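Note sheet for the following structure.
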Amino acid sequence: MKHLIAPSILAADFANLQRDIEMINNSDADWFHIDVMDGVFVPNISFGMPVISAIKKHAKKTLDVHLMIVNPNQFIKTFKQVGADVLTVHYEACPHLHRTIQAIKNEDMLAGVSLNPHTPIAVLEDVIRDIDVVLLMSVNPGFGGQSFIENTYKKVIQLRDLIDKSGSKTLIEIDGGVNSVTGKKLIAAGADVLVAGSYVFKSDNPTKTIKELKNL
C-alpha cells in the first residue's frame, strides 16, 4: 500500500479555512487530520463540534479525528454525527481501552489508539488485532511546530513487528515533526500514514509539499 498523507488542520489558516480545505481536496492528500484538545489532557484547546461539522460540509476526503481529551467515551456518538470517519483516542486517557475501541467500531468508524512519546508499544499487545490505526506521537501532544523525537523510529519498527507477528491489518500513523527527511525515514521503518501540519501549511506551495510527501 502506498503511504497516506493527512494534513493537520490545526496548522491551517482559520480565517481562510474553506480555502485550505479546498486545497486539500484538490491535492494528493488522503485524509484530513483534525486534532481535538480539551485543555485538560493537553495544555491547549482546539476544534469543537461546530467546526468539525463545517469542515465535513466541504471535505471530500476521510476525516481523521484525533481526540486529545479526557473521558472520550462520552463523545463517541457525537463525533460520528459530526462526520468523523476515523476516531482516535489516547491510550493514556482510556482506563477501559477495549470497551472504547468497540464503542467506536459500533458507530461504524475506524478505531484508532494514540500513544504519547513516553508510552511503550507493549501496552497494545492485547488489543492490536482490534485496532484499525495506531497513532504514534512523535512530539509531545498539545502544540504544533515542535521538534521531532528521534526515538520514534525505534517505536515504528517495534510496532511494525508487533502488527506483523499478530496478523493485524493495523495502520501506523505518525503525528509531529513530519517533513521530507523524517517522513522518508518513517516510511522506511514501516509507517503507513504521515500527519503533517506546519510543514505543509507554512510552505510556499502547500499543494506541492503534499505531493512531495506523497512521493517519498
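Under 12 Å from a label point 7 Å along Cα→Cβ of ASP108: give me every residue in segment 7-42 with its amide N that close. Inside the label zone: nothing.
Quick check: residue separation of ASP28 and LYS202 times 0.36 nm, minus the Cα distance between them. What number comes out in nm? Write out the running numbers ahead of the final one.
Values: separation 174, 0.36 × 174 = 62.64 nm, distance 1.72 nm.
Result: 60.9 nm gained on full extension.
The alpha carbon gyration tensor of segment 4-214 gives principal lengths a ≥ b ≥ c with a/c of 1.5 or higher and a/b no greater than b/c, which makes the shape oblate.
In a DSSP loop and with at most 16 other Cβ atoms within 10 Å, the trypsin sites (Lys or Arg not before Pro) in segment 137-216 are LYS169, LYS202.
What is the magnitude of the charge dipole of segment 59-174 about its Cα centre, with +1 placed on the Cβ of each Lys and Arg, -1 on the Cβ of each Asp and Glu, and no other charges, expressed in debye to the nearest 20?
Charge dipole, segment 59-174, about its Cα centre: 160 debye, nearest 20.
A straight Cα-to-Cα reach below 22 Å connects LYS57 with the lysines LYS77, LYS80, residues fewer than 8 places away in its own chain not being considered.
Averaging the Cα positions of each part gives two centres, and for segment 21-53 and segment 71-102 these lie 15 Å apart. Dipole orientation for the chain: of the candidates GLY83, ILE149, GLN102, GLY83 has the Cα lying most toward the positive pole (charges on Cβ; Lys, Arg +1; Asp, Glu -1). For the chain, a simple Cβ point-charge model (Lys and Arg +1, Asp and Glu -1, everything else neutral) yields a dipole of about 320 debye relative to the Cα centre.
Sort 103-109, 131-137 for me by packing, meaning the mean count of neighbouring Cβ atoms within 10 Å per residue, highest on top. Please report the intermediate quantities before stating the final value.
Working: 103-109: 16.7, 131-137: 24.0.
The densest-packed peptide leads the list: 131-137, 103-109.
Every number here is computed from the coordinates shown, using simple stated rules; none is lab data. All values derive from a computational prediction rather than experimental measurement. A quick note on method: Cβ atoms are made from the backbone with ideal geometry, for glycine too, and the neighbour counts reach across all protein chains shown.
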